[in-house]
Structures are given as structure tokens and as C-alpha cells.
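Quick one: structure below, then a few questions.
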Amino acid sequence: MVTTCINVEEDQVGLLIGKGGEVKKTIERMAGVTLKIEECLVTIIGEDGFKVMKAGDVVKAISQGMPPKQAFDLFGDDHQLAVFDIEEVVTNQAALERQKARIIGEKGKAKKFFEATLGLKIHIGDSKVTAVGSPEKLKVFREALERLVHGAPHSAVYRYVEARLAGLRAQNGI
């Protein structure tokens with residue numbers, strides 16, 4: 001028996017349970033685990049450590065505000081969760097809002113570019129960016145985010161992502 005516990009924000013518990021318990025039931029069914037939710041603590045119990053870990057990633061993604069249907073992509077073998085904390089690189093609330101705006105882009109252009117080009121599911125929360133995708137593409141996304149938050153122009157970041165992706169395709173056939 002494998003058990004793991006995850007703390008979630010109080011305002012995300014309802015999203016994790018879902019209407020009529022549907023989200024919770026879906027996680028349990030897809031991972032073959034049992035979820036026990038007591039206040040803000042989610043306990044995941046299962047026989048297979050890998051499935052418990054995957055269910056934990058889904059819980060974490062949903063607790064960051066990612067829509068459950070996007071978080072369920074984590075049940076795919078080649079998908080992982082990455083959470084990027086924007087607060088680690090800013091000094092105040094105004095800078096945080098500015099960086100979030102840069103990551104989203106004008107009319108959502110930057111976020112849409114990353115999702116379409118890298119095949120990621122991305123959620124931008126209050127202070128964190130949550131992404132689901134393949135490990136290689138999440139690494140490229142992390143590098144792109146670092147460039148953006150350190151002031152690189154969007155056009156330069158887009159070119160960088162396209163070049164890195166071309167390199168991955170040539171190297172791995174991705």
C-alpha cells in the first residue's frame with residue numbers, strides 16, 4: 001500500500017471534488033486509487049506507487065487552478081507536471097502582475113503560442129504557472145519563461161522556442 005498526502009488551498013477543494021463528486025471519482029477510476037479529502041488535506045492511497053504519483057500530480061495541477069480536463073492529461077505516460085513560481089523572480093506585486101502579463105501576452109498570444117507550439121496545457125494562476133506536457137517540452141517552456149521574465153522580447157523568445165523544438169525533432173524525432 002502506497003500513501004501520499006497533498007495540501008490544497010481551501011478554495012480549490014470544491015474544484016477537486018467536482019459537481020456530484022465527478023472529478024474525485026474520475027481521478028480514482030483513472031489511477032486506481034482512493035482519495036480521502038479532509039478539509040485541505042488530500043490523502044491518496046493505492047497499490048501502485050506510479051499511479052499514486054500520477055494521481056498526486058493531477059491533484060496538484062487542479063489545486064493550482066488548472067481545469068480538471070486539462071489536468072487529466074497527466075495520466076498519459078509521457079506527460080508530467082511542472083509548476084513555475086513567478087514570485088521567486090519578482091520583488092513586488094506590480095512586478096508579479098507585469099510578468100504574468102508578459103507570459104500571457106497581448107490577447108493571450110504568448111500563452112497560445114506556447115500551448116500550440118509545444119503541445120502544452122498551461123494555466124496561469126495568482127503567482128504560479130502550471131504546465132502539463134512532455135518532459136523535453138516542459139524544459140523548453142521553463143527556459144522560455146526564464147527568458148521572458150528576465151526581459152527578453154517576445155519575438156526573440158518565440159524564435160528560441162522554435163529553434164529548440166527543431167533541435168528536439170532532429171535529435172529525438174519528437
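Of a type in the set (D, E), touching a Lys or Arg at 6+ places or on another chain (Cβ under 9 Å) and part of a helix (DSSP H, G or I), is that true of D57?
Numbers: of a type in the set (D, E): yes; touching a Lys or Arg at 6+ places or on another chain (Cβ under 9 Å): no; part of a helix (DSSP H, G or I): yes.
In short, no.
I would also like to ask the following. Can you find, within segment 142-174, the residue that is surrounded by the most Cβ atoms within 10 Å (Cβ to Cβ) among those that are under 20 Å from F84 (Cα atoms) and among the small types (G, A, S)?
This residue is A144.
Take G151 and decide whether it is on the phi > 0 side of the Ramachandran plot, of a type in the set (G, A, S) and at pLDDT below 95.
Considered against the rule, which asks whether it is on the phi > 0 side of the Ramachandran plot, of a type in the set (G, A, S) and at pLDDT below 95, G151 comes out as yes.
Next question, about the same structure. Might you check whether a residue that is in a loop (DSSP other than H, G, I, E, B), more than 20 Å from the chain's Cα centre (by Cα) and over 18 Å from R102 (Cα atoms) occurs anywhere in segment 164-173?
yes
Only one of (1) touching a residue at least 40 places away in the same chain (Cβ under 8 Å); (2) assigned to a helix (DSSP H, G or I); (3) assigned by TED's automatic domain parsing to the domain that holds D11 is not met by G65, so which one is it?
(2)
Next question, about the same structure. Identify all residues within segment 4-24 that are out of contact with any helix residue (DSSP H, G or I) (no Cβ under 9 Å at 6 or more places or on another chain), within 23 Å of D48 (Cβ to Cβ) and either charged (D, E, K, R) or surrounded by 15 or more Cβ atoms within 10 Å (Cβ to Cβ) (or both); write none if there are none.
None; the set is empty.
OK, next. With R147, R142, R159 as the choices, which residue is outside the structural domain of A55 (by TED's automatic domain parsing), under 13 Å from the mean Cα position of the chain (by Cα) and of a type in the set (K, R)?
Selected residue: R142, the only one of R147, R142, R159 that is outside the structural domain of A55 (by TED's automatic domain parsing), under 13 Å from the mean Cα position of the chain (by Cα) and of a type in the set (K, R).
The values are calculated or read from the model by the stated rules, or taken from the named source; none is laboratory data. Here the structure is a predicted model, which is why all the values come from computation and not from measurement. Methodologically, a virtual Cβ is constructed for each residue, glycine included, from the backbone with ideal geometry; neighbour enumeration extends over all protein chains shown.
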